[in-house]
Amino acid sequence: MKLASCLCAARREDVLSPPILNPSVAIIGAGIAGIACAYEFARRGCAVTIVERREAAGLGCSWYAGGMLAPWCECENAEPLIGDLGRESLAFWQAHFAGTVTRGTLVVAPRRDLPDLQRFARRTDEYRWLDAKEIADIEPQLAGLRHQALFFPREAHLDPRAALAALVTRLREDFGVAIAFGAQPGPADWTIDCRGLAARDALEDLRPVKGEMLVVKARDLDFARPLRMLHPRMPVYVVPRGDGVYMIGATMIENAEEGRFTVRSALELLSAVYTLHPNFGEAEILETGSGLRPAFPDNLPRLRRRGKTIYVNGLFRHGFLIAPALARRTADIALLGKAFPELMRETLNEDRGERQAG
Amino acid sequence: MDTPFEVYGEPLSSRLLLGTAQYPSPAILADAVRASGAQIVTVSLRRESGGGRAGQDFWALIQGLGVKVLPNTAGCHSVAEAVATAQMAREVFDTDWIKLEVIGEEDTLQPDVFGLVEAAGILTREGFKVFPYTTEDLVVAERLLEVGCQVLMPWGAPIGSGRGLNNPYGLRAMRAHFPDVPLVVDAGIGVPSHAAQAMEMGYDAILLNTAVAMAGDPVAMARAFALAIEAGTLARRADPMEPRDMARPSTPVLGRAFT
């Protein structure tokens with residue numbers, strides 16, 4: 001048994017040959033957490049089923065994701081754990097999704113906000129400072145705008161909707177796994193609950209953090225990589241989706257309003273990108289969106305096991321950045337009996353709840 | 001160690017009031033509040049409230065910190081907006097305390113002192129206990145007291161700038177002019193020495209947010225501010241020496257051997 005576990009762990013990068021253990025696994029929720037888990041369990045030879053209450057996959061907060069695979073930048077404001085999970089997931093996306101674009105991230109600030117860029121630099125690594133010529137070399141359209149910049153060459157980005165759809169296709173074509181929409185989860189050896197905020201009925205310390213975003217089309221702008229602009233009041237990022245289309249994000253507001261994109265947020269986000277480059281002034285607004293990120297009080301994810309159910313939740317603003325690494329750990333818990341204490345903490349309240357339930 | 005100071009009849013032993021915005025996470029916020037020893041935290045409603053009470057989850061976290069909540073009208077640019085936000089705050093947090101901000105200028109976020117006096121008058125008549133975010137202007141301060149404010153909160157520097165006490169002369173004059181009014185330096189504090197400086201001038205308390213929330217380690221910085229404020233308070237009470245132009249030897253020169 002021990003030997004089998006080792007083999008399984010050692011070979012998990014491959015599409016596995018006949019599995020040693022193939023329990024059935026029911027996934028609830030077809031956002032990025034659920035789909036990444038489904039893909040991981042399927043690759044390890046499990047019989048996977050997926051249920052989703054909406055009419056398609058990825059319509060929850062995954063729909064509004066930026067798709068920046070930026071484990072170094074994120075550590076400016078997140079715990080090192082996010083960096084570790086993010087670097088592991090970055091390798092997953094590079095290996096499994098052909099649309100992953102590895103051209104780094106450019107973090108810029110107007111001259112007057114140089115202190116913010118210096119602080120950003122102090123709290124991150126794997127970057128280099130660019131002078132005006134170097135900025136113009138990698139993003140010619142930023143030439144002459146007098147921005148200051150840091151370059152994080154190892155970071156990547158993807159179109160989250162395309163990436164999620166690609167995994168759904170792989171699940172169907174390679175593993176025969178389809179999503180049952182509007183269905184209830186059937187009995188299974190393991191249930192993986194990836195419902196996001198809807199799982200508040202079981203995870204009482206989960207809270208919503210509202211995020212708003214836009215998609216614009218700017219025909220005369222051609223940025224090759226995500227640009228983050230620092231600003232003391234409204235930091236903003238722009239992620240190229242190709243063909244002149246850019247995702248602009250994102251607000252972070254501590255409230256529970258779903259689907260309400262406000263004028264103030266539009267003003268802030270759009271003023272910020274207009275400062276980034278004046279050509280955004282003539283861009284066409286294709287889409288505005290607003291979703292709720294599920295977050296625990298420390299804004300870190302959790303894999304909480306209750307009997308034969310594992311709750312994968314609290315991905316906050318880091319869904320695509322960390323979901324593949326979380327999926328691996330979830331499968332390791334279920335199939336190999338591993339434990340990840342840094343991800344499995346319970347609150348006092350929930351300890352009490354579990355004892356009562358038991 | 002502190003003798004309490006009183007605001008609106010409430011004795012407060014901690015002289016640090018901490019804002020709750022911009023922390024990396026609510027968990028770090030909670031740790032920072034504990035490390036600071038603050039008994040009062042400020043919380044904004046304007047943005048989080050959305051169309052109503054959508055901010056309830058975060059507000060419940062704040063209420064769970066076990067400290068008194070001073071809601072604020074941050075982000076309000078008009079009297080009407082500030083008054084409406086205060087009224088909602090009273091319902092949400094079940095308190096008649098309100099930190100009143102009426103912003104007059106977008107780049108410096110400096111208060112619109114005319115709107116501030118007007119809104120303070122309206123809210124006082126409605127039974128609010130108003131903590132006005134103001135400048136060090138003595139005439140404005142007089143007006144705020146006239147309309148019923150019992151505490152004044154002059155800025156050290158623009159909100160979030162971390163520049164410290166931009167106008168020490170003005171702040172000293174304000175302290176001297178209002179010896180019996182509780183005075184709180186609100187905004188512009190960047191590092192603990194700024195806070196200590198204000199306490200040495202005789203200010204009663206410090207209100208800050210960004211300097212702790214945006215520090216690399218907010219919890220350690222909260223503790224650093226608590227220590228600095230305690231140091232400044234003790235120093236004020238200990239009656240500091242006066243600076244002088246000439247050296248004054250601490251050992252007598254008389255009788256010293258000439259070589």
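The values are calculated or read from the model by the stated rules, or taken from the named source; none is laboratory data. What you see is a predicted model, and the numbers here were worked out from it, not measured in a lab. Cβ sites come from the backbone with ideal geometry, for glycine too, and all protein chains shown count toward neighbours.
Here are a few things to note about the model shown:
Every residue, every condition in (1) crowded, with 19+ Cβ neighbours inside 10 Å; (2) under 16 Å from the mean Cα position of the chain (by Cα), yes or no:
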position: B:141; (1), (2): yes, yes
position: B:145; (1), (2): no, no
position: B:150; (1), (2): no, yes
position: B:174; (1), (2): yes, yes
position: B:178; (1), (2): no, no
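- Applying the criterion of being at pLDDT 90 or above and in a loop (DSSP other than H, G, I, E, B) to the residues of region B:82-103, the residue that is farthest from residue B:63 (Cα to Cα) is B:102.
- Answer residue from region A:274-300, given it is aromatic (Phe, Trp, Tyr) and outside any loop (DSSP other than H, G, I, E, B) and is nearest to residue A:215 (Cα to Cα) among those: A:280
- Candidate set from region A:259-273 (those that are more than 9 Å from every other protein chain (Cβ to nearest Cβ) and assigned to a loop (DSSP other than H, G, I, E, B)); member that is nearest to residue A:239 (Cα to Cα): A:261
- The residues in region B:75-94 that are among the charged types (D, E, K, R) and either buried (at least 17 other Cβ atoms within 10 Å of the Cβ) or within 12 Å of chain A (Cβ to nearest Cβ) (or both) can be counted, and the count is 2.
- Of the residues making up region A:128-154, those that are without any contact (Cβ under 8 Å) to a residue 40 or more places away in the chain and in a helix (DSSP H, G or I) number 7.
- Qualifying positions in region B:12-62 - of a type in the set (Lys, Arg) and over 16 Å from residue B:206 (Cβ atoms): B:34, B:46, B:47, B:53
- Within region B:35-67, considering residues that are more than 27 Å from residue A:258 (Cα to Cα), free of Cβ contacts under 8 Å to residues at least 40 places away in the same chain and not in a loop (DSSP other than H, G, I, E, B), the one nearest to the other protein chains (Cβ to nearest Cβ): B:41
- Tally of residues being surrounded by fewer than 18 Cβ atoms within 10 Å (Cβ to Cβ), under 21 Å from residue B:130 (Cα atoms) and modelled with pLDDT of 85 or more across region B:46-74: 1
- Looking only at residues of region B:152-166 that are more than 14 Å from chain A (Cβ to nearest Cβ) and either in contact (Cβ under 8 Å) with a residue 40 or more places away in the chain or in a helix (DSSP H, G or I) (or both), we find that the one that is surrounded by the most Cβ atoms within 10 Å (Cβ to Cβ) is B:156.
- Of all residue pairs spaced 6 or more apart or on separate chains, those with beta-carbon atoms under 6 Å, a first member in region A:282-306 that is more than 10 Å from chain B (Cβ to nearest Cβ) and a second member that is in a strand (DSSP E or B) and among the small types (Gly, Ala, Ser) are A:291/A:211; A:293/A:211.
- Selection over region B:200-217 of residues that are surrounded by fewer than 24 Cβ atoms within 10 Å (Cβ to Cβ) and in a helix (DSSP H, G or I) gives a count of 3.
- Selected residue (only one of A:85, A:81, A:90, A:117 is modelled with pLDDT under 95 and either in contact with a Gly (Cβ under 7 Å, 6 or more places away or on another chain) or assigned to a helix (DSSP H, G or I) (or both)): A:117
- Hey, residue A:112 surrounded by fewer than 21 Cβ atoms within 10 Å (Cβ to Cβ), farther than 24 Å from residue B:23 by Cβ, assigned by TED's automatic domain parsing to the domain that holds residue A:218 and basic (Lys, Arg) or not: yes
- Number of residues in region A:64-78 that are part of a loop (DSSP other than H, G, I, E, B) and either out of contact with any His (no Cβ under 7 Å at 6 or more places or on another chain) or within 12 Å of another protein chain (Cβ to nearest Cβ) (or both): the value is 7.
- Which numbered condition residue A:248 misses (of (1) in a loop (DSSP other than H, G, I, E, B); (2) among the aliphatic types (A, V, I, L, M); (3) touching a helix residue (DSSP H, G or I) at 6+ places or on another chain (Cβ under 6 Å)): (1)
- Residue in region A:175-188 that is away from every other protein chain (no Cβ under 14 Å), more than 21 Å from residue A:74 (Cα to Cα), in contact with a Leu (Cβ under 9 Å, 6 or more places away or on another chain) and not in a strand (DSSP E or B) present: yes
- Strands (runs of 3 or more DSSP E) contained entirely in region A:202-245, each with at least 3 residues that are within 12 Å of chain B (Cβ to nearest Cβ) and closer than 27 Å to residue A:312 by Cα: A:207-217
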